[in-house]
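*Asks:* Take a look at the following structure, please.
The values are calculated or read from the model by the stated rules, or taken from the named source; none is laboratory data. Fair warning: this is a prediction, and the values are worked out from it, not measured in the lab. Because the Cβ atoms are built from the backbone with ideal geometry, glycine has one as well, and the counts that use them run over all protein chains shown.
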Amino acid sequence: MENHQISLSIRNVSKTYINAVKALDNVSLDISPGMFGLLGPNGAGKSTLMRTLATLQEPDNGEVFLGEIDVLKQKEELRQTLGYLPQEFGVYPKSTAEELLDYFAVLKGITNRASRKEVTETLLKQTNLWDKRKQKLGGYSGGMRQRFGVAVALLGNPKLLIVDEPTAGLDPAERVRFLNLLSELGENSVVILSTHIVEDVSELCTNMAIINKGKILLEAKPQEAVAALKGRIWRKLTEKNKIAQLEKEHKVISAKLLSGRTMVHIYSKELPGNGFEPVDPDLEDVYFTTMTGNDEIR
Ligand code: ADP
């Protein structure tokens, strides 16, 4: 069978803002269909990259291709097959979900009333908002608004779907519901989820990259990156005032409060002694190991 799936190719993309902040530093990524997680702390450059891919801003250098489409040059072609859910999704508080989705569908070029009805009904059901379709958006919770944003982003069956920090303002239950919705997408299209939350990626994404200070530090499959750390992560429960000393003796990758004490994770290929015990690594260990500049896992 011929493969009609298209992928996204990002080549040497750089962007320096007027204030001399280098938000993207020679970023290259190859992203196949499925869920891709772009993970990094605040200020890493995620939104800059997402906005660039969504044709909302120009990089200084580089190329981006979605299949045959030259994203930076053929903006209109890209926009026709793009779904973009920005960090802050503004809604008209006085319209209902049904009305506003219908309106966006017209803007997307679905002019036939009957097909529009069918499309909006499918999307409202898919995002679990069908029962709430006649409610005003002003009364929606954060999670409902984000799901409505997904419905809008999915209009016209995009080949590229960009979701920028979608879980940031959601409570835990809303977050789970939202991630479940995303997990049902992304088999035939490229879905990029940008987030600073490690669990978003570990629960959802088949491929990922870690970005910091505009640079891609790691590009991997989450499971493989975790497996690569096996036998190298050690932990110890200690007191906060001991951490400075531990940092001198070991490669501390994280220190987290745990019931009033501090759980320290270190990276070491050898037995570290000093009361450390081995621990099964998880994606958070991958993230912190990468962020603390450990080259060995790349
Ligand atoms: P993230 O989405 O990962 O938080 P951003 O792409 O928003 O990162 O920001 C990357 C860096 O660029 C940050 O240092 C940020 O302060 C800076 N930045 C973002 N947008 C602008 C802008 N319009 N003008 C100047 N600096 C900006």
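*Asks:* Please determine, by comparing only the residues of segment 1-17 that are modelled with pLDDT of 95 or more and either within 16 Å of the ligand (Cβ to nearest atom) or crowded, with 19+ Cβ neighbours inside 10 Å (or both), which one is nearest to I192 (Cα to Cα).
*Replies:* Taking the candidates together, the pick is L8.
*Asks:* Let me ask something else about it. So, in segment 25-56, how many residues would count as being of a type outside the set (V, I, T), touching a strand residue (DSSP E or B) at 6+ places or on another chain (Cβ under 9 Å) and within 8 Å of the ligand (Cβ to nearest atom)?
*Replies:* Total meeting the criteria: 10.
*Asks:* Return the pair list, or none, for Cβ contacts closer than 7 Å from residues in segment 30-51 that are outside any helix (DSSP H, G or I) to residues that are more than 6 Å from the ligand (Cβ to nearest atom) and of a type in the set (K, R), at least 6 apart or on different chains.
*Replies:* A44/K213
*Asks:* Can you tell me which residues in segment 231-244 are within 25 Å of L38 (Cβ to Cβ) and surrounded by fewer than 18 Cβ atoms within 10 Å (Cβ to Cβ)?
*Replies:* none
*Asks:* I would also like to ask the following. Say whether the condition of being within 13 Å of the ligand (Cβ to nearest atom) and acidic (D, E) is met by at least one residue in segment 78-88.
*Replies:* yes
*Asks:* Moving to a separate point now. Cβ-Cβ below 7 Å, separation at least six or inter-chain, first residue in segment 109-130 and more than 12 Å from G156 (Cβ to Cβ), second at pLDDT 95 or above and basic (K, R): which pairs?
*Replies:* L124/R133
*Asks:* To continue, here is another question. Looking at G138, G83, G90 in this structure, which one is touching a Pro at 6+ places or on another chain (Cβ under 6 Å) and over 25 Å from S183 (Cβ atoms)?
*Replies:* Of the residues listed, the single one that is touching a Pro at 6+ places or on another chain (Cβ under 6 Å) and over 25 Å from S183 (Cβ atoms) is G138.
*Asks:* Check off (1) closer than 28 Å to T16 by Cβ; (2) touching a Ser or Thr at 6+ places or on another chain (Cβ under 9 Å) for E203 and give me the number that stays unchecked.
*Replies:* (1)
*Asks:* Scan segment 192-224 for residues that are buried (at least 23 other Cβ atoms within 10 Å of the Cβ) and either touching a Cys at 6+ places or on another chain (Cβ under 9 Å) or not assigned by TED's automatic domain parsing to the domain that holds T16 (or both) and jot them down.
*Replies:* Within segment 192-224, just L193 meets the criteria.
*Asks:* With the requirement that a residue be of a type in the set (A, V, I, L, M) and in contact with a Phe, Trp or Tyr (Cβ under 6 Å, 6 or more places away or on another chain), what does segment 218-267 give you?
*Replies:* I253, I266
*Asks:* Could you list, in sequence order, the residues of segment 68-90 that are among the hydroxyl-bearing types (S, T, Y) and farther than 15 Å from I6 by Cα?
*Replies:* Y84
*Asks:* Determine whether segment 28-35 contains at least one residue that is farther than 26 Å from I197 by Cα and either exposed (fewer than 13 other Cβ atoms within 10 Å of the Cβ) or within 23 Å of the chain's Cα centre (by Cα) (or both).
*Replies:* No, segment 28-35 has no match at all.
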